[in-house]
Amino acid sequence: ERSYDASMSIPKAELHLHIEGTLEPELAFELAARNGVALPYADTGELRAAYLFEDLQSFLDLYYGLMAVLRTEEDFEDLAEAYLARAAAQGVRHAEIFFDPQAHLARGVGIGTVVEGLGRALDRSESAHGISTGLIMCFLRDESAESAMSTLEAARPYLDRIVGVGLDSAEVGNPPAGFREVYEAAAALGLRRVAHAGEEGPPEYITEALDVLGVERVDHGLRCMEDPELVARLVRDRVPLTLCPLSNVRLRAVDALEEHPLPAMLDAGLLCTVNSDDPAYFGGYAGDNFRAVRQALGLSPERLRDLARNSFVASFLEHDEERRAR
Ligand code: HPA
Ligand code: ZN
């Protein structure tokens, strides 16, 4: 039986995408050669074969390690350009893109190099790929709050390019509350606020991200399903969740895609979106994630359309109705 599958073509916004997680093995080797960086893998096949993750941390170790090849503005431009071309081919029309400045600063690459480099590709994205873009600067939650604050300070000259702040990296043991001050400072600068919560960490981290950090959107948020009161709150307040189904399988947040709670979350009335997280590592871009959940979970065309619509509703794009109401 064959039916038309709109997974790729349906216009969608991508709201949970780490630009460093779009580094495909081929580009990694190209940049390694260009910059004289030695990689501990013989070839792209050997690198790809290393993508067998036990959990979030085993992924993060590889993810941070491979960033060694990213050194110049041109490297970040090439990285973003490759992502935007792939995303366009999968129906992405708007992308809110995470980056990890602290991971680059730790290697002597300043935030200006990262933002200006990414910006070169983002500046021509609408005309070249039909994708509008925003950048979200993430703080590493396994680094100190002081480090996050000085990163926000370092970003001051580039705030015209940055729409918001996020919180990522190793979740368990690094609850949101420690970042209260830096989120307050970010809000005072007019930045939007999101945070990873409830990927590996407990539902309490989601509540804390809402109450203490004032986030408008929760990245992952998967484990909210363990707390019915939290689910009721997220539904009532229309708090969007940026789910990443293929990531959840690869990082073992769910046992199998067929067991992903997405259908139950939609049934509960949660404002769910489907995203790719780190597509070079987890086996697919935005459209691939739509297709995978459609097939594994038997989502109807209406549900697919709802997910696509949710992605724009949950975005930081100015919505016409809201603008009119103001
Ligand atoms: N979770 C936490 N940190 C991350 C992720 C993720 O899925 N991807 C890149 N950094
Ligand atoms: Zn993520």
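Here are some notes:
- Placing a pseudo-label 7 Å from each Cα along the Cα-to-Cβ vector at LEU62 and ARG252 gives an inter-label distance of 1.4 nm.
- Column: log10 I(q)/I(0), Debye, Cα scatterers of segment 103-148, q = 0.16, 0.18, 0.22, 0.27 Å⁻¹: -0.57, -0.67, -0.83, -1.00
- In plain terms, the residue of VAL239, VAL37, VAL194 with the fewest other Cβ atoms within 10 Å comes first and the most crowded comes last, giving VAL37, VAL239, VAL194.
- Across the alpha-carbon set of segment 1-44, the Rg to Rh ratio works out to 1.24, Rh being the Kirkwood radius.
- Backbone N under 20 Å from the ALA89 label point (7 Å along Cα→Cβ), restricted to segment 266-307: 275-293
- Rel. contact order, % - alpha carbon contacts under 8 angstrom, at least six apart, segment 17-316: 17
- Listed residues ARG294, ARG233, ARG250, most fluctuating in the chain (Gaussian network, C-alpha, under 10 Å): ARG233
- One way to sum up the overall shape of segment 162-250 is the equivalent ellipsoid from its Cα gyration tensor, whose semi-axes run 20, 15, 13 Å, largest first.
- Residue-by-residue Karplus 3J(HN,Hα) for segment 212-223, coefficients 6.51, -1.76, 1.60, Hz, glycine and proline x: 9, 8, x, 5, 9, 8, 10, 8, 6, x, 3, 7
- Loop-resident sites, segment 262-308, for chymotrypsin sites (Phe, Trp or Tyr not before Pro), counting at most 10 other Cβ within 10 Å (DSSP): none
- Each 20 Å bin, from zero up to the one with the longest distance, holds this percent of the alpha carbon pairs of segment 17-316: 35, 61, 4.
- On a per residue basis, the convex hull of the C-alpha atoms belonging to segment 97-234 measures out at 113 Å³.
- Candidates ALA128, ALA314, ALA42: whichever shows maximal mean-square fluctuation once the chain is modelled as a Gaussian network with Cα springs under 10 Å: ALA42
- nm² value of the averaged projected area, convex hull over the Cα atoms of segment 193-326: 8.3
- Coordinate range of the alpha-carbon atoms in segment 81-168 per principal axis, descending: 39, 22, 21 Å.
- Length-normalised contact order of segment 56-198 in % [C-alpha pairs under 8 Å, at least 6 apart]: 24
- The relative contact order of segment 190-326, computed from alpha carbon pairs under 8 Å that lie at least 6 residues apart in sequence, is 18 percent.
The numbers here are math on the coordinates, done by the rules we state, and not lab data. It should be emphasised that the depicted structure is a prediction, and the values quoted were computed from it without experimental measurement. Cβ sites come from the backbone with ideal geometry, for glycine too, and all protein chains shown count toward neighbours.
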